Amino acid sequence: MSEQTLRQLPLRILPASMLLGRRGGLGGQGSAHLIERHARVYRHTWLVLASGFFEPLFYLLSIGIGIGVLVGKLTFEGHPVGYTSFVAPALLATSAMNGAIFDSTFNIFFRLKYAKLYDATLATPMRAGDVALGEVGWALIRGGLYACAFMVIMLALGLVHSVWAVLDIPVALLIGFAFAGAGMAATTFIRSWQDFEYVTLATLPMFLFSATFYPLSVYPRPIQLIVDCTPLYQGIALLRGLTLGYVSPGLLWHVLYLAVMGTGGLAIAGSRISRLLLR
């Protein structure tokens, strides 16, 4: 894990502004101080931060471009679309998910159970709500960095086909917010490293079967209904519609789904951290 390579005592890597700042509620100065702390840590482990970008990039180059030559075009919203252009927005959504999930699960568990960072943090004027919002904010920044880098690749390869694609980065941030909030909430219930198998069990099937590499219509109707309820599919459908220029009021449903998911996860995470550390 990236944080395990540092091994500093928690109080030594908390910025002075966190230790001396005023008490604030959810969304106060405390969350910004925690983000500042993480930025200082990752100055020394920037290769770990960059590594999460390459998995979806390799999928794009191997499957989207390599296999795309064999597949040719497929139909999306009744129109022919190149296979690489079809896959690219889905991998953009996956890139945002990967960055948010990694930081909001594995790293938070290490900080909570081993580094005891939050015990030290809550000894300052910060509150549990600040911790939750700060962690989700940092995971959102990480997911956003991956999304921006991947968007540059899409532009370079000519895979953006609509002016609506200017909304891709805000949507990728929304996807990151949804998965960061849910991931942090789930992490507060994890008891050991072995339990992270459930995280992989959730994210890997979503990546493979959320219409990432082929249209939803290839599934039988009962499977379509299941896939349609998964969070990654919401992000993929939203980004695909914007990138390819097929925009309709139905896309607002995906926005609402992801916003509620992130907000609910954030609220649960704050409550759970307070219960675990302040009891």
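Some observations on this one:
- From the C-alpha gyration tensor of the range 70-200, square roots of 5λ in Å: 36, 16, 11
- Förster radius 45 Å - calculated FRET efficiency between V69 and A267, Cβ distance, rounded to 0.05: 0.45
- The calculated FRET efficiency for the pair H79 and F189, based on their C-beta separation and a Förster distance of 35 Å, comes to about 0.20.
- Peptide packing for 72-78, 141-147 was compared via the average number of neighbouring C-beta atoms within 10 Å per residue; ordered from the highest value, the list is 141-147, 72-78.
- Ordering 123-135, 188-200 by mean Cβ neighbour count within 10 Å, with the highest value first, yields 123-135, 188-200.
- Rounded Å value of the spacing that divides the Cα centres of the range 97-113 and the range 141-178: 22
- Cα gyration tensor shape for the range 127-258, rounded if a/c is under 1.5, else prolate or oblate: oblate
A short reminder: the numbers here are calculations on the coordinates, not readings from a lab. Just so it is clear, the structure is predicted and the values come from calculations on it, not from any experiment. Cβ: placed from backbone, ideal geometry, glycine included. Neighbour counts: every protein chain shown.
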